[in-house]
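A short reminder: the numbers here are calculations on the coordinates, not readings from a lab. Just so it is clear, the structure is predicted and the values come from calculations on it, not from any experiment. All Cβ positions, glycine included, derive from the backbone under ideal geometry; neighbour counts span all protein chains shown.
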Amino acid sequence: MLIGPHSFSSKFLSEIDTADASPPTSLQAGPDERGVFGSSSVDPPPASGWGYDPARHGNPEAFATSPDFRHFATQFGDHLWVLCTELAGRPGARQLMMFGERVTTVDPAGTNPAYGATAHLLYRGGAEALARIVQHVRQGQLPRETCATALEELATQLDDCAPGALSALVTTESRLGSGRLHLGGSFRTFTERVVEQVAIEVIDQHYAQELQNAPGSHRHLVAGLQPVLLRKMGFAWRTAPDEFAPDASRFPPSLITDALNRLLVQCHPDAVVRLMAEQYLSRFQEAMRQEDMPGPGTPKGLGERVQRCTATLMAEFGDPPPLEALLQECASTGVYGPRSDTAGIERHFVDRLGEAGLIRGGPVSWSRIRARHAAVRPLDLRLMTAGSAP
């Protein structure tokens with residue numbers, strides 16, 4: 001285990017998705033009722049009534065020429081339309097609709113020209129994942145902007161083969177699910193993204209020539225490498241299925257060593273927490289700028305503005321950091337505005353993740369973060385002037 005008990009806890013390394021059990025005031029790791037991927041007998045797949053069922057329909061071509069396929073095509077298109085409305089005119093909306101056309105277009109014999117023999121993956125598993133994505137979006141547990149960003153990313157990954165599209169749908173469904181709410185869930189998502197990015201970088205470097213001749217193999221190489229890296233690092237997490245992903249033996253030891261050396265630095269909890277804190281601060285700063293814009297109903301008090309801005313982030317990051325982690329006084333005006341450093345937010349995240357048992361390490365392990373923030377005195381809204389720093 002390269003990243004072990006002195007950083008990520010065994011609780012975090014386990015298969016269970018981490019999320020608040022009783023949001024937003026506590027951060028306890030608990031399982032998504034449906035598991036990380038797929039469904040349980042308690043909660044059947046939303047697409048089970050209209051997707052492809054081999055037992056009922058026979059082979060995929062028979063399904064594609066049956067009356068049920070017309071219902072499937074309508075439902076599939078309706079679900080994609082829900083996601084398109086969330087994208088509000090972004091480029092991804094058109095990509096989603098084109099994806100729907102590829103999935104639901106078949107010739108008289110029932111053959112899918114776009115996906116051929118692998119189309120059944122989208123008729124069944126893809127439809128189920130899509131239905132769950134729509135379910136998560138409609139529940140509105142995550143901010144609309146967060147959902148839109150995830151959907152925009154998904155849209156860029158659907159223009160390849162059926163296994164790649166299925167993998168993208170399943171990954172998006174997992175990251176929008178209830179198992180990824182609040183700080184614990186975000187910590188897992190950020191960690192996954194770091195592993196994914198490192199896999200992309202080393203694949204780009206080690207297979208540069210091969211990718212020039214077969215660019216479509218890129219995502220499958222990445223999909224094959226990710227579980228290898230997760231296992232080497234001690235994570236028991238599953239990754240989305242990809243039928244075209246190569247076996248672990250496909251990757252030379254030098255490539256795996258290169259990736260692990262990068263992950264020892266980039267995937268340490270300290271580094272992941274820093275990424276989370278940077279995003280939190282950036283979004284808080286933008287929200288405060290929006291609050292400062294004149295308009296009807298604009299709150300006047302600093303406290304009200306801060307509360308409104310942090311409330312939009314609670315679904316992903318849990319309880320907000322203390323005021324001194326978010327605000328600082330402008331030396332020239334004496335007016336308070338958003339901070340420009342993330343030290344206090346990092347400290348807050350570290351404390352909460354430690355309390356939840358998702359990371360290990362006492363005060364000494366996190367002395368650098370604490371030292372950066374030690375000189376900042378606590379703030380009291382009652383003693384602060386209204387307004388924001390320019």
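Brief remarks on what is shown
- Amide proton proximity set for Leu327, modelled H, under 5 Å, gap of 5+: Arg339
- Footprinting exposure proxy for Met314, Met97 (fewest neighbouring C-beta atoms within 10 Å first): Met97, Met314
- Computed from phi, the 3J(HN,Hα) profile of the range 140-145 under the Karplus parametrisation 6.51, -1.76, 1.60 (θ = phi - 60°) reads x, 6, 9, x, 4, 5 Hz, with x in place of Gly and Pro.
- J(HN,Hα) series, the range 199-205, from Karplus relation 6.51 cos²θ - 1.76 cosθ + 1.60, nearest Hz, glycine and proline x: 4, 4, 5, 6, 5, 4, 6
- Integer Hz, Karplus 6.51/-1.76/1.60 couplings in order for the range 344-350, x for Gly and Pro: x, 5, 4, 4, 4, 5, 4
- For Ser7, the shell of other residues with beta-carbons less than 13 Å away shows a net charge of +1, using +1 for Lys and Arg and -1 for Asp and Glu.
- Sequence-distant residues sharing a close amide H with Phe8 (under 5 Å, placed H): Arg360
- Taking other C-beta atoms within 10 Å as the exposure proxy, Trp81, Trp237 rank Trp81, Trp237 from fewest upward.
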